[in-house]
Amino acid sequence: MTILSSHPVEKTLTAETLTTWLRAQARDKSDWKIGTEHEKFLFHKGTFRPVAYEGEQGIGALLEALRTRYNMRPIMEHDNIIGLLDDAGGSITLEPGGQFELSGAPLKTLHQTCKETGTHLKQMMSVTAELELCMLGTGFQPLWGRDDCHWMPKGRYRIMRDYMQKKGSLGLDMMLRTCTVQVNLDFASEQDMVRKFRSSLALQPVATALFANSPFKDGVPSGLQSTRAHVWTDTDPDRCGIPACVFDPNFGYEMWIEYLLDVPMYFLHRGDDYLDVSGLSFRDFMDGRLPGFEGQYPDMHDFQDHMTTAFPEVRLKGYLEMRGADSGGWSNICALPAFWVGLLYDEQALDETCALVEGVSALDVQQARMSACLDGLSGMYDSRSMMQMASACVEIAEAGLARRAEKDADGEDETKFLAPLKQIVSEGRTLSDIMLEKYQTNWDGDITHLFREYHY
């Protein structure tokens, strides 16, 4: 038996205490914030090859350069720098294949969060240019195979890598070859959480279609509008997809906690070490019956770690995390939080959003999700066209942002951040459509043109 020092010797967590904790995460509307997360690939300029952790041009060197130049605090695992913390409340972390993720600070307006994005990307560019590296914002790596990618030195990823192969067929692709942009949003009460969770989960396929930006795999068209989203459909059915419980009439905090407790564990985090408990039950851990750790009990940090191993299209962790969109370029990073803030942070907009998806089932959403992966805006959402749904959502979001009336120094409100989505809806073409057209014409079938044209 492994002894877990400084951890409870008796039961402290129950489904009831966890439900109470989740209930306490509700915030008054005046305290609602916006937290934006976005990932991007790194590649070597000229060769378009992925970047390893080691070496003078490696990811470790990049993190160290960012740390010293911008006075950031390092996040260490053993002797490796694996992330950075800034003074504003944001952090930089590494995804398994070396994808860089900015987890932005909780901010009040979209003007602030887009400024944060700009600051981060400018800092990144100042260092990547010196190392002859570039960044690419797409949902799926368009050229590299799994074997081309470099694993980052993080213990949790070793455990996930081994376990992924026991579940779906595309888990390693998810880890190594996908990038997304996400936004984290608050709720005021259990009722408010349910309305936001249910409606946003129902509309994730629409976001997938609008932000589709990954039509390539292994250097050629994949036949999909969002290869990233497709990967998530065959990663791990125990922790991914569309949780049916959210559409249950009795859904609330308690039912969500029960869902999380049903998700099999990955690991226990102790100091710098990750202990493999993949496939085991957190419920058993709470009862002191975790195999190999009998008589030992989890604390709240263990549960919070466990929450991060559930990957549904919307995730509740004390805030709601929107997870259905491909990563993209600079403007699209700002458009994703604008889309969801417009839909969910204005009461009239939320009413209209809920009405738009009233009566939708988990099966309807799952079918729409598959249609969005394959056909983007040309797909179907139940009996409606995906384009019809996307147009309605953008219209609701724009009105919601206008009513928020958050102005910048130039007197412009937050609706300006929806411009890329309004153009997509107006033209009826996703970024995937545009790239496929270029691939067949200007690029003459050479995928390296994507790296040249879309890097930053």
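Any read-out appearing in this document is the output of simple, stated calculations on the displayed coordinates, not a laboratory observation. Keep in mind that this is a model prediction, so the values were computed, not measured. Please note: Cβ atoms are built from the backbone with ideal geometry, for glycine as well, and neighbour counts cover all protein chains shown.
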Report summary line: Row for region 1-139, column shape: gyration tensor on C-alpha, a ≥ b ≥ c, rounded if a/c < 1.5 i.e. under 1.5, prolate if a/b over b/c, else oblate; value oblate
Query raised in the report: In whole angstrom, how far apart do the alpha carbon centroids of region 155-207 and region 235-279 sit?
Result: 11
Query raised in the report: In the chain, which cysteines lack any other cysteine Cβ under 4.7 Å from their own?
Result: CYS134, CYS149, CYS179, CYS240, CYS245, CYS354, CYS373, CYS393
Requested in this report: Compare the peptides 445-451, 133-139 by average per-residue count of other Cβ atoms within 10 angstrom and give them in order, highest first.
Outcome: 133-139, 445-451
**Report entry** Sum of -39500 (n - 2.57) over DSSP H runs of 4+, divided by residues of the chain (222 nm, nearest 500)
**Finding:** -13000 deg cm²/dmol
Report summary line: Stokes-Einstein, Kirkwood over Cα pairs, the chain, 4 °C, 1.567 mPa s; D in µm²/s equals 57
Requested in this report: Distance between Cα centroids, region 308-338 to region 388-419: provide it in whole Å.
Outcome: 18
Query raised in the report: Once a ≥ b ≥ c are taken as the square roots of the eigenvalues of the Cα gyration tensor of region 327-456, is the result rounded (a/c under 1.5), prolate (a/b larger than b/c) or oblate (a/b not larger than b/c)?
Result: oblate
Query raised in the report: List the aspartates and glutamates whose alpha-carbon lies under 20 Å from that of LYS11, not counting same-chain residues fewer than 8 positions away?
Result: GLU254, GLU258, ASP262, ASP284, ASP287, GLU294, ASP299, ASP302, ASP305
Query raised in the report: In straight Cα distance, which lysines are under 16 Å from LYS317, not counting same-chain residues fewer than 8 positions off?
Result: LYS33, LYS196
Query raised in the report: Once you charge only the Cβ atoms, +1 for Lys and Arg and -1 for Asp and Glu, what is the size of the charge dipole of the chain about its Cα centre, to the nearest 20 debye?
Result: 400
Query raised in the report: In region 193-273, with Lys and Arg counted as +1 and Asp and Glu as -1 at Cβ, which of these residues, HIS269, SER214, CYS245, has the Cα nearest the positive end of the dipole, that is, farthest along it?
Result: SER214
Query raised in the report: Of all the C-alpha pairs in region 313-354, what % are more than 15 Å from each other?
Result: 51
Query raised in the report: When every alpha-carbon pair in region 5-73 is counted, what percent end up more than 19 Å apart?
Result: 68
